[in-house]
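Encoded as structure tokens, the structure appears first; notes follow it.
The values are calculated or read from the model by the stated rules, or taken from the named source; none is laboratory data. Every value quoted in this text rests on a predicted model; they were computed, and no experiment measured them. We place every Cβ from the backbone using ideal geometry, glycine too, and count neighbours over all the protein chains shown. Each accessible area value is taken on the protein alone, full model and side chains, heavy atoms only, with ligands, DNA and RNA left out. Shrake-Rupley method; radii C 1.70, N 1.55, O 1.52, S 1.80 Å.
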Amino acid sequence: MTPYYTPTGGLPPQTALHTGRAVFTEAYAVIPKGVFSDIVTSCLPGWSKTRLWLIARPMTGFSETFSQYVMEVASGGGSDAPENDPGAQSVIFVTDGVIALTLGAETHELDAGGYAYIPAGTPWRLHAEGDAPARFHWIRKIWEPAAGVDRPAPFVTNERTIAPVAMPDTDGRWATTRFVDPGDPAHDMHVNIVTFLPGGVIPFEETHVMEHGLYVLQGKAVYRLNRDWVEVEAGDFLWLRAYCPQACYAAGPGPFRYLLYKDVNRHARLRGPGAFAPLP
């Protein structure tokens, strides 16, 4: 059985109460797992036997750097031309089932915990294998070139093979599974897994320029978002714009784990969309 929560769709019964935890504010959004119903799925051109929940997209005045899809591909489905933007880089993280991912001329089989980084401009294909649907996160960002920096190389791994790095002075209660070197300027986005053991906390209100997409893979916690404390659990998605204060407390009984996106390692944009000066 997969250790990662993955939505299966469906609809609440007509007898269900309307009250829920979904909220969209000026600084953050919470999309709880109960919102992942059949009526909010989409299809994509060029994908067969596939549906998805589109849970983040660039929005002027909010988070502006990335999109995130929760994909469900039935056995034999997939795409030979999955990406329509040659400037987009991707991360794939598998939560259930098995996929065959072809990068260039090499095919890789990924099961739960499988992780792939796909640089912008890399030809790739993806198909579900086995009898059960494959479910995975697909995170996309435009790669920003920088002087003297080469485009990152593609790679495939599994989180089971990577030792989490504990935050200093936390006795291992707060740790991050890092898939790329945070000091490598070629990567302008990081998609990591953060783990809190029961009693683990972010003991201050992080307030920083990086945007976040935060999908809870396992467990539950209380999360500080701007002015509010919000209860979250496996299957919830949190979307944080730049400078939204954040902290959390993991009460248990098991680990609290989430897949985390953030944009890094580039100058602030001063010209063009989202900035103050016109393009030269």
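Overview of values
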| read-out | value |
| --- | --- |
| Ordering of 104-114, 240-250 by packing [mean C-beta count within 10 Å, highest first] | 240-250, 104-114 |
| Count, lysine Cα pairs under 23 Å in the chain, 8 or more residues apart or across chains | 5 |
| Of all accessible heavy-atom area on the chain, the percent that carbon and sulfur account for (1.4 Å) | 56 percent |
| FRET efficiency estimate (nearest 0.05) - Cβ-Cβ, residue 233 to residue 44, R0 25 angstrom | 0.35 |
| Point-to-point label distance, residue 8-residue 26, nm (Cα→Cβ direction, 7 Å offset) | 4.2 nm |
| Residue-wise HN-Hα coupling along the range 61-70, computed from phi with Karplus coefficients 6.51, -1.76, 1.60 (Hz; x: Gly, Pro) | x, 10, 6, 10, 10, 8, 10, 9, 10, 9 |
| Residues in the range 131-154 reached by a label modelled at residue 271 [backbone nitrogen below 18 Å; 7 Å Cα→Cβ] | 144-148 |
| Computed lengthening from residue 84 to residue 208, 0.36 nm per intervening residue step minus Cα-Cα distance | 41.5 nm |
| Computed lengthening from residue 178 to residue 74, 0.36 nm per intervening residue step minus Cα-Cα distance | 34.5 nm |
| For the chain: accessible area per residue (Å², 1.4 Å) | 49 Å² |
| Karplus-derived 3J(HN,Hα), 6.51/-1.76/1.60, for each residue of the range 198-206, Hz, glycine and proline x | x, x, x, 9, 8, x, 8, 7, 4 |
| Within a Gaussian network of the chain (alpha carbon springs, distance under 10 Å), most fluctuating of 139, 202, 193 | 202 |
